[in-house]
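Report on the following structure.
The values are calculated or read from the model by the stated rules, or taken from the named source; none is laboratory data. Small disclaimer: the values here were computed from a predicted structure and weren't measured. Glycine gets a Cβ as well: all are built from the backbone with ideal geometry, and neighbour counts include every protein chain shown. Areas reflect the complete protein model, heavy atoms only, side chains present, ligands, DNA and RNA absent. Shrake-Rupley method; radii C 1.70, N 1.55, O 1.52, S 1.80 Å.
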Amino acid sequence: MIVNGKERDFDSGITVNELLEKLNLSKDTVVVEVNLEIVPKDQYAAKILNEDDKVEIVSFVGGG
Amino acid sequence: MLEVGKIKVFVNEKLSEVGDNSTAYDVRNLIKKDADIVILNGHIIKEDMVLKENDRLTLIKRGEVPTQDELEALLVARHTPGVHEKVKNASVGIAGLGGLGSQVAVSLARIGIGRLLLVDFDVVEPSNLNRQQYFIKHIGMFKTEAMKDLLTAINPFVEVETKQIYLDETNIAETFLDVDIIVEAFDDPGCKASLVNTVLSKLPDKTIVAASGIAGYFSNNSIRTKKIKDNFYLVGDNVSEAQPGCGLMAPRVAIAANHQANTVLRIILGEKEV
């Protein structure tokens, strides 16, 4: 699948939660978009990603 | 009925009738002889010019505090005509009034934004003054009230509404229902993500301009504005987190804040690309 514009290899059937874990990102500080649709946080555990999905993840760091 | 041989022009934003061969300096000599700055249709003129119908002439005496009536006209004179009307009609919500939010609010007030909705729950603390736009006299005041005080002193023609609440998933949508654009200006990364997620899913017709990675004194040029999707812009270097050894400092925070403010302005003026 494409993650933030780069082709990456992950097991098929991976959920958003599992992808975030593999990328070492906290689910509390990210915005996740799959095929241009925002995925609500309460769906991270259920949302399964497919091979041809285009995933965009914005991870926020503190400071303002 | 307009008299024969007269044209109508706006002098300090007031409709006036003048002779149809009148020049800018003729009108100045008639209305405000001691004005040393003459602005015709938004540009300062150094040579006399014949006035045309609907010209806008602004007469200023340097150093004189203008009346409330004159003030707005004078502020407008610095803005490109056509731009001001759009900016004046815009309504922007700012979530968080710290280093980012206080600077965004000041910049948007200076360009004559129509309406600002300022949301913060916190009070001004001494440590805020290293980068936030408050003064010593504001210490202990709610940031919403302190910012309203500041903005009124800069441009009293901005409609400022304040909400002194802690924003979370339960109140974000109702809070920002009436604004066109939302500026994410929080400090905490969880609050940042929560605001952006909520706006994108519950207020899809709004645009949000967020920031991430603004700490330290890294290169100016590593602060970038990215368009993540049609209604989501992100400012910062994405990595420079505020932490011990990498504090938030006025210059870089202000660079990021003004990326946000200029993005807001560009969106208002129909410039959707970064």
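Show B:Lys6, B:Lys192, B:Lys229, B:Lys52 ordered by accessible area, largest first, where the area counts protein heavy atoms only and the probe is 1.4 Å.
Accessible-area ranking of B:Lys6, B:Lys192, B:Lys229, B:Lys52, largest first: B:Lys52, B:Lys6, B:Lys229, B:Lys192.
Between A:Asn24 and B:Glu161, with labels modelled 7 Å along Cα→Cβ, what's the label distance in nm to one decimal, could you check?
4.4
Going from the alpha-carbon gyration tensor of chain B, what semi-axes, largest first and in whole Å, does one get by taking the root of 5 times each eigenvalue?
Here the semi-axes work out to 41, 20, 17 Å.
Ordering B:Val87, B:Val65 by accessible area with a probe of 1.4 Å, largest first, what comes out?
Correct descending sequence by accessible area is B:Val65, B:Val87.
Given a Förster distance of 30 Å, report the FRET efficiency between B:Val50 and B:Glu273 from their Cβ-Cβ distance, rounded to the nearest 0.05.
Efficiency, from the Cβ-Cβ distance: 0.15.
Please give the per residue accessible area of chain B, computed with a probe of 1.4 Å over protein heavy atoms only, in Å².
49
Using Stokes-Einstein with the Kirkwood hydrodynamic radius over Cα pairs, what translational diffusion coefficient do you get for segment A:2-59 at 37 °C and a viscosity of 0.692 mPa s, in µm²/s rounded to a whole number?
It diffuses with D of about 293 µm²/s by this estimate.
Could you pull out every one of the lysines with an alpha carbon less than 24 Å from that of B:Lys8, ignoring same-chain neighbours closer than 8 positions?
Cα-Cα hits under 24 Å: B:Lys32, B:Lys33, B:Lys46, B:Lys52, B:Lys61.
DSSP beta bridges in segment A:2-59, what fraction antiparallel, as a percent rounded to 5?
85
If I compute solvent accessible area with a 1.4 Å probe over the protein chains, what percent of it on the protein assembly as shown is carbon and sulfur?
On the protein assembly as shown, the fraction of accessible area on carbon and sulfur atoms equals 50 percent.
When Cβ neighbours within 10 Å are restricted to other protein chains, what is their mean count per residue of peptide B:182-190?
4
If the reach is capped at under 13 angstrom between alpha carbons, list the aspartates and glutamates near B:Lys227, excluding any in the same chain fewer than eight residues apart.
Partners within reach: A:Glu56, B:Glu271, B:Glu273.
Taking Cα pairs under 8 Å and at least six residues apart, what relative contact order does segment B:6-67 come out at, in percent?
Relative contact order here is 41 percent.
Would you mind telling me which residue in B:Glu184, B:Glu169, B:Glu64 has the biggest mean-square fluctuation in a Gaussian network model of chain B, where springs connect alpha carbons within a distance under 10 angstrom?
Per the Cα network of chain B with a 10 Å cutoff, B:Glu64 tops the list.
Checking the a/c ratio against 1.5 first, then a/b against b/c, what shape does the Cα gyration tensor give for segment B:102-202?
In terms of gyration-tensor shape, oblate.
Which order do the peptides B:96-104, B:24-32, B:265-273, B:116-124 come out in when sorted by mean C-beta neighbours inside 10 angstrom, highest first?
B:96-104, B:116-124, B:24-32, B:265-273
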